[in-house]
Amino acid sequence: MPIEKMIPLMLEGVRDTLYMTTVSTLFAYLLGMPLAILLVLTAPKGLRPQAVVYRVLDAVVNIFRSIPFLILMILVIPLTRLIAGKAYGSTATIVPLVIAAAPYVARMIESSLLEVDPGVIEAAQSMGASVPEIIFKVIIPEAKTSLIVGATISSGTILGYSAMSGAIGGGGLGQIAISYGYNRYQTDVLFVTVILLIVLMQVIQIIGMYISRKTDKRIRE
Amino acid sequence: MPLIELRHLTKTFKGKTQTVEALRDINLCIDQGDIYGIIGMSGAGKSTLVRCINYLERPTSGNVIIDGKDLSTLTPKALRQLRQQVSMIFQHFNLLQQRDVRGNIAFAMEIAGAKRADIDKRIDELLELVGLTERQHNYPSQLSGGQQQRVAIARALATNPKIILCDEATSALDPTTTTSILNLLREINQKLGITIVIITHEMSVVESICTHVAIIDNGSLAEHGTVESVFSQPKSKAAKKLIFRKTGADGGIIGDRMIRIVFEGNASSEPVIASLVLECHVSVNIMYADTRDVGGKAFGQMILQLPEDKLQQEKIIYYLQSKGLRVEEVDGDAH
């Protein structure tokens with residue numbers, strides 16, 4: 001493909017991929033965060049153990065996590081149509097992306113929250129802190145670094161999913177790679193999209209790690 | 001009226017296969033201004049006991065009465081408010097790692113609903129008290145263990161509590177730091193009149209600052225009273241075991257006749273053993289000797305291994321008793 005065609009195509013691809021990744025990550029966190037907090041609270045050793053609630057949430061998360069993304073995408077097409085009005089393109093792809101990523105994100109957050117030293121939580125309880133105070137003033141701030149690392153990994157995963165969605169009508173770099181590189185044998189386009197995906201992943205990783213290091217107060221100076 | 005009263009306290013942990021009785025029928029009164037040591041071997045139930053005092057652990061039965069309030073009758077909200085009056089410090093300090101020294105102290109006051117301006121003023125006072133003004137913007141990871149425990153103490157004092165519970169607060173510290181933390185606690189007790197309950201497995205902690213001591217053994221209260229009375233005349237097996245733990249005279253005691261003599265007050269300054277040897281023409285083997293300064297009063301004790309000869313043994317005991325010392329037989333209980 002000539003370079004003057006390649007550049008606008010790729011710019012569009014990068015834009016759509018970033019759009020899908022960031023919006024999906026955002027929504028996945030909006031759903032995953034409360035889910036993770038509920039999991040941590042209702043766990044057998046949590047602050048408010050609720051065996052039934054915990055088991056149901058735990059099972060739901062596991063079920064969604066075990067469906068391969070492409071299959072999930074097909075399964076939720078009716079829902080995607082309902083929300084986005086159509087089942088193809090970048091905006092529509094956000095629906096299955098969020099559904100696939102939210103349980104994944106919930107597990108990432110859950111594991112970060114569980115890393116917080118139980119002694120610190122006990123200390124807060126001994127001071128008379130309420131459960132919401134313990135969550136928002138102790139557990140989440142103490143887990144901050146780990147949460148940022150988790151967010152970095154999660155958005156990387158979502159970036160990968162978004163590229164995969166290109167196979168069945170999702171937008172962005174994935175779609176470009178499939179329709180030009182695979183369907184039309186334009187290997188040069190395929191290579192460029194792969195390189196751009198690698199670069200995007202690196203950028204996400206570098207930014208995430210930088211922020212987590214900058215905000216962590218546990219490192220001795 | 002005692003400030004803290006424990007009535008028939010029991011705590012049972014039910015596991016899938018077995019039930020553990022962590023506490024059995026504990027009755028204890030702690031008065032305002034006491035520094036009350038609760039000592040026991042590890043696994044004796046003392047950590048569970050201290051957590052029952054602020055209801056971090058709910059007792060299986062029995063009552064905890066603090067300042068006239070029975071904790072079992074309190075609503076969750078009232079219990080949280082009461083906890084602002086009963087602070088706690090921990091073996092591993094349990095500071096917020098992502099907040100600096102000021103932030104950690106502020107945390108306790110935020111929970112108590114204090115105003116920002118009051119918080120800042122109070123933090124300045126507390127930093128002065130615990131001697132960490134220069135470290136106020138450091139994070140816990142930048143502080144030594146002793147400094148971190150000082151922050152924890154400042155945090156515990158932030159809400160002007162009546163009681164401070166210490167759960168093995170010096171066990172993770174070296175001896176010098178332990179002494180300085182204990183001195184700080186004594187200062188807080190004397191200056192501010194705060195009642196302190198200290199959970200420890202170290203006899204030296206009790207000796208150095210406690211006014212009263214309770215000995216917990218296998219979930220039960222073995223013995224309690226003032227430190228002087230318990231240390232000079234331990235009655236229970238558990239108390240003797242703890243007090244003599246440092247003898248290092250384990251081997252060789254059994255079989256031979258041993259006596260323990262207790263010095264109280266003036267007697268400890270007289271060269272009794274030297275006189276004994278000179279006047280009775282006998283030899284004794286000193287297995288263990290220790291003089292302690294407890295609450296300003298000196299007392300000491302010594303374990304002597306007596307000669308084989310029965311007559312000589314009687315002579316020695318008679319001589320010591322005539323000097324006004326208490327003489328006890330030492331048997332297998334002593335270690």
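The values are calculated or read from the model by the stated rules, or taken from the named source; none is laboratory data. No experiment lies behind these values; they were computed from the predicted model shown. Positions of Cβ are generated from backbone atoms using ideal geometry, with glycine treated the same way; all protein chains shown enter the neighbour counts. We work out accessible area using only protein heavy atoms, side chains counted, and drop any ligands, DNA or RNA first. Shrake-Rupley method; radii C 1.70, N 1.55, O 1.52, S 1.80 Å.
Mind checking which helices in chain A clear 24 Å along their axis (Cα) and have mean Kyte-Doolittle hydropathy of -1.0 or more, DSSP H runs only?
Values: long enough: A:3-42 (57 Å, 1.21); A:90-114 (34 Å, 1.28); A:140-164 (35 Å, 0.81); A:187-215 (42 Å, 1.60).
The qualifying helices are A:3-42, A:90-114, A:140-164, A:187-215.
The lysines whose alpha-carbon is closer than 23 Å to the alpha-carbon of B:Lys241, local same-chain residues fewer than 8 away aside, are B:Lys46, B:Lys297. Spin-label model, B:Thr133/B:Thr17: points 7 Å from Cα along the beta carbon direction are separated by 5.9 nm.
Short-range pairs are left out: with C-alpha atoms under 8 Å and at least six residues apart, the relative contact order of segment B:1-136 is 21 percent. When B:Met1, A:Met6, A:Met108 are compared by accessible surface with a 1.4 Å probe, the order from highest to lowest is B:Met1, A:Met108, A:Met6.
Considering Cα pairs under 8 angstrom that are at least six residues apart, work out the relative contact order of segment A:152-212 and quote it in whole percent.
On the way: 55 pairs, mean separation 17.7, N = 61.
Relative contact order for segment A:152-212 comes out at 29 percent.
Calculated mean residue ellipticity, 222 nm, chain A: -25000 deg cm²/dmol, from DSSP H runs (n ≥ 4) at -39500 (n - 2.57) each, averaged per residue and rounded to 500. Per residue, chain B reaches -10000 deg cm²/dmol at 222 nm when only DSSP H runs of four or more residues are counted, each adding -39500 (n - 2.57).
Please state the relative contact order of chain A as a whole percent: Cα pairs under 8 Å, 6+ residues apart?
Numbers: 264 pairs, mean separation 56.0, N = 221.
Here the relative contact order equals 25 percent.
Before I look further, what does segment A:29-141 give for accessible area per residue, probe 1.4 Å, in whole square angstrom? Can you show the working numbers first?
Values: 5490 Å² over 113 residues.
I get 49 Å² per residue for this part.
Sorting B:His8, B:His281 on solvent-accessible area from highest to lowest, probe radius 1.4 Å, gives B:His281, B:His8. Look at the dipole of segment B:1-63 built from charges on Cβ: of B:Cys29, B:Gln18, B:Ile4, the Cα furthest out on the positive end belongs to B:Gln18.
Taking label points 7 Å from Cα along the Cα-to-Cβ direction, B:Thr10 and B:Ser204 give a separation of 3.9 nm. Magnitude of the charge dipole for the protein assembly as shown, about its Cα centre and with charges confined to Cβ atoms of Lys, Arg (+1) and Asp, Glu (-1), is about 2000 debye. If R0 equals 51 Å, the separation of the Cβ atoms of A:Ile67 and B:Lys191 corresponds to a calculated FRET efficiency of about 0.20. The lysines within cross-link reach of B:Lys115, meaning a Cα-to-Cα straight distance under 23 Å and a gap of 8 or more places when in the same chain, are A:Lys137, B:Lys77, B:Lys162.
How big is the antiparallel share of DSSP beta bridges in the protein assembly as shown, given as a percent to the nearest 5? Walk me through the intermediate numbers first.
On the way: 42 of 61 bridges.
DSSP beta bridges in the protein assembly as shown are roughly 70 percent antiparallel.
With only Lys, Arg, Asp and Glu charged, each at its Cβ (+1 for the first two, -1 for the last two), find how big the charge dipole of segment A:61-148 is about the Cα centre; round to the nearest 20 debye. Numbers along the way, then the final one.
On the way: 6 positive and 6 negative charges, 126 e Å.
For this selection, approximately 600 debye.
Overall, chain B carries a charge dipole of about 1300 debye about its Cα centre when +1 sits on the Cβ of Lys and Arg and -1 on the Cβ of Asp and Glu, all other atoms neutral. The accessible-area ordering, largest first, of the residues B:Cys29, B:Cys52 stands as B:Cys29, B:Cys52, per a 1.4 angstrom probe. Kindly provide the trypsin sites (Lys or Arg not before Pro) of segment B:1-56 that DSSP labels as loop, not H, G, I, E or B, and whose Cβ sees at most 16 other Cβ atoms within 10 Å. For trypsin sites (Lys or Arg not before Pro) across segment B:1-56 that sit outside H, G, I, E and B with at most 16 neighbouring Cβ atoms in 10 Å, the list reads B:Lys16.
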